[in-house]
1. Somewhere in the range A:9-32, is a residue of a type in the set (Phe, Trp, Tyr), free of Cβ contacts under 8 Å to residues at least 60 places away in the same chain and surrounded by 15 or more Cβ atoms within 10 Å (Cβ to Cβ)?
2. For the range B:72-93, does any single residue satisfy the condition of being under 29 Å from A:ILE47 (Cα atoms), away from chain A (no Cβ under 13 Å) and touching a Cys at 6+ places or on another chain (Cβ under 6 Å)?
3. Please determine, by comparing only the residues of the range A:4-31 that are more than 17 Å from A:THR63 (Cβ to Cβ) and part of a strand (DSSP E or B), which one is farthest from the other protein chains (Cβ to nearest Cβ).
4. Is it the case that the range A:63-83 has a residue that's surrounded by 13 or more Cβ atoms within 10 Å (Cβ to Cβ), touching a helix residue (DSSP H, G or I) at 6+ places or on another chain (Cβ under 9 Å) and not in a strand (DSSP E or B)?
5. On the given criteria, is B:LEU41 closer than 19 Å to B:THR86 by Cα and either within 11 Å of the chain's Cα centre (by Cα) or touching a residue at least 24 places away in the same chain (Cβ under 8 Å) (or both)?
6. Would you confirm whether or not the range B:9-31 contains a residue that is within 26 Å of A:ILE47 (Cβ to Cβ), facing chain A (nearest Cβ under 10 Å), modelled with pLDDT of 90 or more and in a loop (DSSP other than H, G, I, E, B)?
7. Which residues, taken from the range A:46-68, are closer than 18 Å to A:ILE20 by Cα and of a type in the set (S, T, N, Q)?
8. Count, please, the residues in the range B:52-91 that happen to be modelled with pLDDT under 95, charged (D, E, K, R) and not in a loop (DSSP other than H, G, I, E, B).
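The values are calculated or read from the model by the stated rules, or taken from the named source; none is laboratory data. All of these numbers come straight from a predicted model, not from anything done at the bench. Cβ sites come from the backbone with ideal geometry, for glycine too, and all protein chains shown count toward neighbours.
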Amino acid sequence: GESVGLHLPTLSVQEGDNSIINCAYSNSASDYFIWYKQESGKGPQFIIDIRSNMDKRQGQRVTVLLNKTVKHLSLQIAATQPGDSAVYFCADFAGGTSYGKLTFGQGTILTVHP
Amino acid sequence: EAQVTQNPRYLITVTGKKLTVTCSQNMNHEYMSWYRQDPGLGLRQIYYSMNVEVTDKGDVPEGYKVSRKEKRNFPLILESPSPNQTSLYFCASSSPSDRLNYGYTFGSGTRLTVV
């Protein structure tokens, strides 16, 4: 039969709205988490990171929240702009070292409408 | 400019013809890694290297080889490419001493098609 490809979660917002992108991780030993942004035709770019001893970290227009109890991360983008349209990945390190393996989530497609 | 450079950006080849994708970084990073990105599967690690002459398998190493003879270079070798290796490949580097950016720096990608 015909195979069906997996579809990434999508989020569509209007320019100026706040966006929230969610991510679940599975490894309880993960102690460092990163959000990446990938624009079409480019490699992933670092947005913000957070260590497991923190619940929240803020950057410029972005905030990452970490809930270790339910192994959940979220990325909040304030006043979303068309230039924020991209695929967003969460990634986690396990083992307490930046040399550890970086495991990526599947990604979320964010589309910002002017 | 600090960067990871991959070449080529695009490559179409035939099954069984050996190829090498080069990766070079100018940040003196110890750690380098190769990922492949496929629709719906995200980025999966192929191989990584913690320093010169130290390499290890990632999640999907079958059909690939790497070498790390110099700190700045980490080529990905496909000895006998097959169509299931058609993918978008990324090289990345990192160093724990880079306090401003503790994450990975990625190259721009190599889109490989094996026919």
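1. Checking the range A:9-32: not a single residue is of a type in the set (Phe, Trp, Tyr), free of Cβ contacts under 8 Å to residues at least 60 places away in the same chain and surrounded by 15 or more Cβ atoms within 10 Å (Cβ to Cβ).
2. Yes: one or more hits.
3. A:GLN14
4. No.
5. The answer is no for B:LEU41.
6. The answer is yes; a qualifying residue exists.
7. A:GLN58, A:GLN60, A:THR63, A:ASN67, listed by residue number.
8. Number satisfying all stated conditions: 2.
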